Amino acid sequence: MSSGDGAEGGARSGPAPRPRMQDIAAATGVTIKTVSRALSGAPNVRQSTRERVLAEAARLGFRRNDIAAGLRSTGQTMKTIGVVLGDLGNPFFPPMLRGIHAVAAQHGHLVISADAEGDGTVERESIQTILAQRVAGLIIAPTGTDFSFLAQEAEFGSAIVFIDSAPLGLTADAVITTNTASTRHAVAHLIGRGHRRIGYIGHPPQGYGAPKRWLGYCQALRNAGIEADAALVRRGLTTEADAARAVTELLDLPDPPTALFADNNRMTVGILQSPSYAACHPEVVGFDHFDLAPQLGISVVDSDPFRVGSAGAELLFRRLADRDRPPTQTTVRAKLIVHDQPAFAPLRPRRA
C-alpha cells in the first residue's frame, strides 16, 4: 500500500465554526426555544416563523444532533462513525464494511452504516441522515458522481473519507485502487495467452473507476500493437442481465471475441449467465473477486475490499487526530489472480 499527500493552495486557519441554534435565533429574532421547536416539528409554532427558521438553518448549514440530544437526556455518551456503501447487495461491499468495523473497534467506535442501493439519490439522502447524527466522521464508497454538496460540511471540519473511488467535485481524503495499471496487466495476460480479439464488458463510464479501467484496456491493446475494435465493446451496462445480453451479441458475431474482460464483478457474473458463454467458452478475466471464481476457472483482478475498508478507516482516524493536514490519497494495489483454464484454442469465426 502506498500513499501520497494532496495539496491545497494557501495556509488553512482551521475549520469554520459550526452554526448553533443561537446563531439561528439571532438571525431570525426569535428565542432559542422557538428555534428548537421549529426544527423539531413541534405543532405550536407559526408557519411563517417555522419557514423563516428552517430557511436560516439551511443557509447556515445547521444540523440537529438527534442522537446526542437523546444521549444527553439519559446521561450517556457514544462514539460513532458513519459509513455509506454503494450497494450491499453486491458481494464486493460486505468485506469492505468488515474492514471498517475492525479498525473502528480498535479505536473504540461503533459504526452506523447505510446502503445506497446503487442509487445516487438514496446515497445523498443517506449521507445527510448520517451527518445529522453528528458522527465523529464519515466513510463513503460512492455511487454518485458529484459530491460538491458536501463542500460546506468539509468547511465546517467534518472528517470525510472516500474509499474505492476518489470523489468528484470535492477535495477529500480517499483510498483508491490501481484501476488502470491492474486492468492493463489483466488484458496483457490475455494477450500473452494468444488472444487478439478481446471483448470489453463494462458498466457506465461515469464516475472514477470505470474510465480508468477502460483506459487500461486500451493501453494494453495499444502496447501489443492491436487495434481496438468498437464491435467488441459493450459499455454502459448496469445489471447482470445487461451483461448476459451483451455477451450473447458479441459471441454471435461472425468473428467473435476469443476472450472477454469484465470491468466489475457483476459484469463477470453476467458473462457466465449468457447461454452463448456456455457454448463458446471464451476466456474471461474480471475486475473484482467473486466467490466461485476459483471453481469456475475465472481469473480476477482482486482489489482487496477488506483492505480498502480498513485503510479508509485508518485514514479517517488520522483525519480526526489532525484535521488541518492536507488531504491524503492512499492506494491499495489490486492484483491479478490467475485461475486455471483450458489452454486457448482460437474459436472458429461464425459463418455470416
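Among 26-33, 145-152, what's the highest-first ranking by average C-beta atoms within 10 angstrom per residue?
145-152, 26-33
Give the accessible surface of region 211-352 per residue, rounded to a whole number of Å², with probe radius 1.4 Å and ligands, DNA and RNA excluded.
Value for region 211-352: 47 Å² per residue.
Would you be so kind as to identify which of Tyr200, Ala278, Pro305 lies farthest towards the positive end of the dipole of region 173-312, taking Lys and Arg as +1 and Asp and Glu as -1 on Cβ and the Cα centre as origin?
Toward the positive end, the furthest listed residue is Tyr200.
Which order do Val338, Val332, Val269 take by accessible area at a 1.4 Å probe, largest first? Please report the intermediate quantities before stating the final value.
Working: Val338 80, Val332 10, Val269 45 Å².
Heavy-atom accessible area, descending, gives Val338, Val269, Val332.
Suppose only helical runs count, i.e. DSSP H with n ≥ 4. What mean residue ellipticity at 222 nm does that imply for the chain under -39500 (n - 2.57) per run, divided by all residues and rounded to the nearest 500 deg cm²/dmol?
Computed mean residue ellipticity for the chain: -12500 deg cm²/dmol.
Would you mind classifying region 98-179 by shape? Square roots of the alpha carbon gyration tensor eigenvalues, ordered a ≥ b ≥ c; an a/c under 1.5 is rounded, otherwise it is prolate if a/b is larger than b/c and oblate if not.
rounded
Hey, what do the phi angles of region 170-183 turn into as Karplus ³J(HN,Hα) couplings, whole Hz, using 6.51/-1.76/1.60 and θ = phi - 60°, x for Gly and Pro?
Using θ = phi - 60°, the values come out as 7, 9, 7, 4, 8, 10, 10, 10, 7, 4, 5, 5, 6, 5 Hz.
Ignoring ligands, DNA and RNA, how do Leu110, Leu272, Leu168 rank by accessible area with a 1.4 Å probe, largest first?
Values: Leu110 100, Leu272 50, Leu168 70 Å².
If we order Leu110, Leu272, Leu168 from most to least accessible, we get Leu110, Leu168, Leu272.
Between Arg222 and Ala55, what FRET efficiency follows from the Cβ-Cβ distance if R0 is 56 Å, with the result rounded to 0.05?
Working: r = 55 Å, r/R0 = 0.98.
Efficiency for this residue pair is about 0.55.
Of the peptides 155-164, 294-303, how do they stack up when ordered by the mean number of other Cβ atoms within 10 Å, highest first?
155-164, 294-303
Roughly how big is region 220-352's charge dipole about its Cα centre, with Cβ charges of +1 (Lys, Arg) and -1 (Asp, Glu), in debye to the nearest 20?
With Lys and Arg at +1 and Asp and Glu at -1, about 260 debye.
First check a/c for the chain, with a ≥ b ≥ c the square roots of the eigenvalues of its C-alpha gyration tensor; if it is under 1.5, answer rounded, and if not, answer prolate when a/b is larger than b/c or oblate otherwise.
Values: a/c = 2.67, a/b = 2.33, b/c = 1.15.
Note, shape of the chain comes out prolate.
Please list, in order, the residues from region 270-303 whose amide nitrogen is less than 12 Å from a point placed 7 Å along the Cα→Cβ vector of Lys335.
Those under the cut-off are 302-303.
Please list 3J(HN,Hα) in residue order for region 154-166, calculated via the Karplus relation 6.51 cos²θ - 1.76 cosθ + 1.60 where θ = phi - 60°; whole Hz, with x for glycine and proline.
5, 5, 6, x, 4, 8, 10, 10, 9, 10, 6, 9, 7
Normalised by the residues of the chain, what does the relative contact order come to in percent, with Cα pairs under 8 Å and at least six apart? Can you show the working numbers first?
On the way: 668 pairs, mean separation 71.7, N = 352.
This gives 20 percent for the chain.
Compute the acute angle (0 to 90°) between the alpha-carbon long axis of helix 209-223 and the principal axis of greatest extent of the alpha-carbon atoms of the chain; round to the nearest 10°.
Between helix and principal axis, roughly 30 degrees.
Determine the order of His107, His189 by accessible area, beginning with the largest, at a probe radius of 1.4 Å.
His107, His189
What residues have an amide H closer than 5 Å to that of Ile139, excluding those fewer than 5 places away on the same chain, when H is modeled at 1.01 Å from N in the peptide plane?
Gly82, Val83, Val84, Val161
Any idea how far the Cα center of region 82-107 sits from the one of region 294-324, in Å?
Each part's Cα centre sits 9 Å from the other's.
Treating the beta-carbon of each Lys and Arg as +1 and of each Asp and Glu as -1, no other charges, what is the dipole magnitude of the chain about its Cα centre, to the nearest 20 debye?
Working: 37 positive and 34 negative charges, 148 e Å.
My answer is approximately 720 debye.
Would you mind checking the tilt of helix 47-60 against the longest principal axis of the Cα atoms of the chain, expressed as 0 to 90 degrees and rounded to 10?
For helix 47-60, the angle is close to 60 degrees.
Measure off 7 Å from each Cα along the Cα-to-Cβ vector at Gln206 and Ala151, then give the distance between these two points in nanometres to one decimal.
1.9
For Phe287, list long-range residues whose amide hydrogen, built 1.01 Å from N in the peptide plane, is under 5 Å from its own amide hydrogen.
HN-HN under 5 Å from Phe287: Ala262, Asp263, Asn264, Val301.
Out of the total accessible area of the chain (probe 1.4 Å, heavy atoms of protein only), what percent is carbon and sulfur? All intermediate terms of the calculation are to be shown ahead of the outcome.
Working: 8470 of 16550 Å².
That share works out to 51 percent.
Tell me which aspartates and glutamates have Cα within less than 20 Å of Lys335's Cα, excluding those fewer than 8 residues away on the same chain?
Within reach: Asp164, Asp263, Glu283, Asp288, Asp291, Asp302, Asp304.
When the Kirkwood hydrodynamic radius is evaluated over all pairs of different C-alpha atoms of region 218-330, what value in angstrom, to one decimal, is obtained?
Evaluated over region 218-330, this radius sits at 16.4 Å.
The values are calculated or read from the model by the stated rules, or taken from the named source; none is laboratory data. As the structure is a computational prediction, the values presented were derived from the model and not from experiment. Ideal geometry is used to build each Cβ from the backbone, glycine not excepted, and the neighbour counts take in all protein chains shown. SASA here: full protein model, heavy atoms, side chains in, ligands and nucleic acids out. Shrake-Rupley method; radii C 1.70, N 1.55, O 1.52, S 1.80 Å.
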